[in-house]
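Notes for the one structure printed next.
Coordinate-derived values only; no laboratory data. All values derive from a computational prediction rather than experimental measurement. Note that we place each Cβ from the backbone using ideal geometry, even for glycine, and neighbour counts take in every protein chain shown.
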Amino acid sequence: MESVSEPWSRLAPDYERARSREDSLDRLVEWPAQRALLGDVSGVSFLDLGCGNGGKLLELVEDGAAASVGIDISGNFIRHGRADLELVQADLSHLASVPEIEGRTFDRIMFLQSFGYAVDPVRTLRTARSLLSPDGYILLTRTQPIRYAIERAEANGTSLGEGYFARDPHAHRNGWNEEITLTKRPYTMSDLLNTFSAAGLWVETTLEPQLSEADGERYPHKQAWMDKYLGILIFKLLPLPTGAQAPAA
Ligand SMILES: C[S@@+](CC[C@H](N)C(=O)[O-])C[C@H]1O[C@@H](n2cnc3c(N)ncnc32)[C@H](O)[C@@H]1O
């Protein structure tokens, strides 16, 4: 069976093309909110897991971040001439076998719309936690699970609750390339929060970023999309003090 990540070798250029459009929600809502939460990045090192083409990481390094690494399975990376930015083709589910990060720690570890591709989400988050420097944190974003619940309910003619609590993986037509289908494992809010706890992390901040009023008026089709599907969740996750962790699942 094809892995949930496999389609990205073909989808990556389409995703980046869509992301760079002036009305993309990543450009208008998600990246500004992620940047605001990150604050001043001077001297801060990043590990960006599922970094796409590395464009976001390049921007952070250009704004003063310390030497940083981006990892993505697609290998569809931007060209850059910086020694302080490494973009590595690898699987975020197998971080222990990535030589470029062996023995290193990072001040910020990001999963920006990529955590859903972890084969074992708790194990991946635990590994990420072990790669944090003291005072480091994880920035993780995920699509509001309600969005997929609505799509499932509409596709299957069921109630919202049946869509939300469904357990079987479903085929998701993404908005970037109609011919490529992504397989999504359903998740609920409690699944997400329990995953963070099981990985020894606590939620310091959660954001549900929205379009500004001006952008909503300028791009009414995007406002309509946000009104229906809500957008993404952004979590700032910190390691629980040793001794306060949930037992291993
Ligand atoms: C929705 S895109 C998000 C890209 C970027 N983080 C952003 O915020 O624009 C998801 C990314 O996850 C990557 N990805 C999917 N499965 C992966 C895996 N197993 N390991 C590493 N990257 C993966 C894809 O190639 C894609 O670049």
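Just a few scattered comments:
- The translational diffusion coefficient of the chain, from Stokes-Einstein at 37 °C and 0.692 mPa s with a Kirkwood hydrodynamic radius over alpha carbon pairs, comes to 174 µm²/s.
- Scalar couplings 3J(HN,Hα) for the stretch 8-13, obtained by applying the Karplus form with A = 6.51, B = -1.76, C = 1.60 to θ = phi - 60°, are 5, 5, 9, 7, 3, x Hz; x denotes Gly and Pro.
- Radius, Kirkwood style, for the stretch 106-228 when every pair of distinct Cα atoms is counted (Å): 16.5
- Of all aspartates and glutamates in the structure, those lying under 13 Å Cα to Cα from LYS184, and not within fewer than 8 positions of it along the same chain, are GLU2, GLU6, GLU151, ASP168.
- Considering only GLU151, GLU86, GLU178, the mean-square fluctuation computed in a Gaussian network model of the chain, springs between alpha carbons under 10 angstrom, is largest for GLU178.
- For the stretch 179-192, putting each phi into the Karplus relation 6.51 cos²θ - 1.76 cosθ + 1.60 with θ = phi - 60° gives couplings of 8, 10, 9, 9, 9, 10, 8, x, 8, 10, 4, 5, 4, 4 Hz, in residue order, rounded to whole numbers and with x for Gly and Pro.
- Measuring nothing but how far apart in sequence close Cα pairs (under 8 Å, 6+ apart) lie, relative to its length, the chain scores a relative contact order of 18 percent.
- Ranked for footprinting exposure by Cβ neighbours inside 10 Å, fewest first, MET110, MET226 give MET226, MET110.
- Gain upon complete extension [HIS221, ARG79; 0.36 nm per residue less C-alpha separation]: 47.8 nm
- Order of TYR219, TYR148 - criterion: other Cβ atoms within 10 Å of each residue's Cβ, fewest first: TYR219, TYR148
- Percent of Cα pairs exceeding the 26 Å cut-off, where the set is the stretch 1-114: 16
- Radius 14 Å from Cβ of GLU22, net charge of other residues (Lys, Arg +1; Asp, Glu -1): +3
- Between the stretch 1-75 and the stretch 141-169, the alpha-carbon centres lie 26 Å apart.
- SER133/ASN194 FRET efficiency (R0 30 Å; Cβ-Cβ; nearest 0.05): 0.70
- Burial ordering of ILE180, ILE73, fewest other beta-carbon atoms within 10 Å first: ILE180, ILE73
- Candidate aspartates and glutamates for bridging to LYS222, where Cα separation is under 14 Å - those fewer than 8 sequence places away on the same chain excluded: GLU22, ASP23, ASP26, GLU30, GLU213
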